[in-house]
Amino acid sequence: MAHPRRRTRSRPLPELHGLGLHLRPWDPSSRDDVETWLRGITDPEFQRWNTPLRPITDLATARESLRRGTRHDLEGTGASFRIADAGSGAALGHLGVNDIHPVTRLGRVGYWVLPEARGRGVATRALLLVARWALTEGGLHRLELNHALGHGASCRVAERCGFAYEGIMRGAIFEAGRHDAFRDAHLHARLATDPEPPAPVPPV
């Protein structure tokens, strides 16, 4: 049986600028990008709240993970952005729109911030930029954001970015470091028809 042909984007992902940030697609051929990706995914705070589907433990597995993300970007089923400081260009973290369904126009948001960049509103500012793009030029109608119960920082990011709390999803995500046990998650969402929240002032 022939497999259905995957949809490809009519144009590459854009670079997003604003709120003191520069967001661009990840580059699997860049050693700096691969090293940054590995550092973010193996950070203990990330691993406390997230469990990747495939283990990422070294540069080789980190590069392959970025390559998979690039394929999803080209197929139109994902949109992964490297977050950097607009002035210095220093890497700050990642924000992606995952599991994009072109028919229902739904996507799911995920993000992480490097340890040295935390406490500066990076995730909030990056999510505001990406949500604005995804719900306008990106053509999506609904963006979902879920996080493990107890992850107060992610809850605050969602609220500041206009993602309304919609309830608890029981057993929706993996327990930390396990693929055989599950935990509950908060579900937040924002629609293209929702008002855009006010933008924060970038730190000096």
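List of remarks:
- Debye log10 I(q)/I(0) for segment 135-182, one point scatterer per Cα, at q = 0.19, 0.22 Å⁻¹: -0.75, -0.89
- Cβ-based charge dipole, the chain, positive-most Cα from Ala153, Ala134, Trp37: Ala134
- Derived scalar couplings between HN and Hα for segment 40-46 equal x, 6, 9, 5, x, 5, 4 Hz in order, rounded to whole Hz, by the Karplus curve 6.51 cos²θ - 1.76 cosθ + 1.60 (θ = phi - 60°), x for Gly and Pro.
- Each residue of segment 106-117 was assigned a 3J(HN,Hα) from its phi angle through the Karplus curve 6.51 cos²θ - 1.76 cosθ + 1.60 (θ = phi - 60°); the sequence is 10, x, 10, 8, x, 7, 8, 10, 5, x, 6, 9 Hz, with glycine and proline shown as x.
- For segment 97-204, the list of trypsin sites (Lys or Arg not before Pro) that fall in a loop by DSSP and count at most 11 other C-beta atoms within 10 angstrom reads Arg178.
- Element breakdown for the chain at a 1.4 angstrom probe: carbon and sulfur atoms account for 54% of the accessible area.
- At 1.567 mPa s and 4 °C, Stokes diffusion of segment 14-94 via Kirkwood alpha-carbon radius, µm² per second: 98
- Rolling a 1.4 Å probe over the protein heavy atoms gives segment 1-159 an accessible area of 51 Å² per residue.
- Charge dipole magnitude, Cβ of K and R +1, D and E -1 - the chain, Cα centre, debye nearest 20: 440
- Computed over segment 159-204, the alpha-carbon pair-distance distribution with 5 angstrom bins reads 5, 18, 16, 14, 14, 12, 12, 7, 1, each value a whole percent.
- Using only alpha-carbon positions in segment 47-204, the gyration tensor eigenvalues give semi-axes of 22, 20, 18 Å once each is multiplied by 5 and square-rooted (largest first).
- Taking every protein chain into account, the 1.4 Å probe leaves Ile168 with about 90 Å² of accessible area, to the nearest ten.
- Qualifying GluC sites (Glu not before Pro) in segment 84-150, DSSP loop, other Cβ atoms within 10 Å at most 12: Glu137
The values are calculated or read from the model by the stated rules, or taken from the named source; none is laboratory data. Because the structure is a prediction, the values reported are computed rather than measured. Counting neighbours? That spans all protein chains shown, and the Cβs are built from the backbone with ideal geometry, glycine included. Heads up: the accessible areas ignore ligands, DNA and RNA and are worked out on the full protein's heavy atoms, side chains in. Shrake-Rupley method; radii C 1.70, N 1.55, O 1.52, S 1.80 Å.
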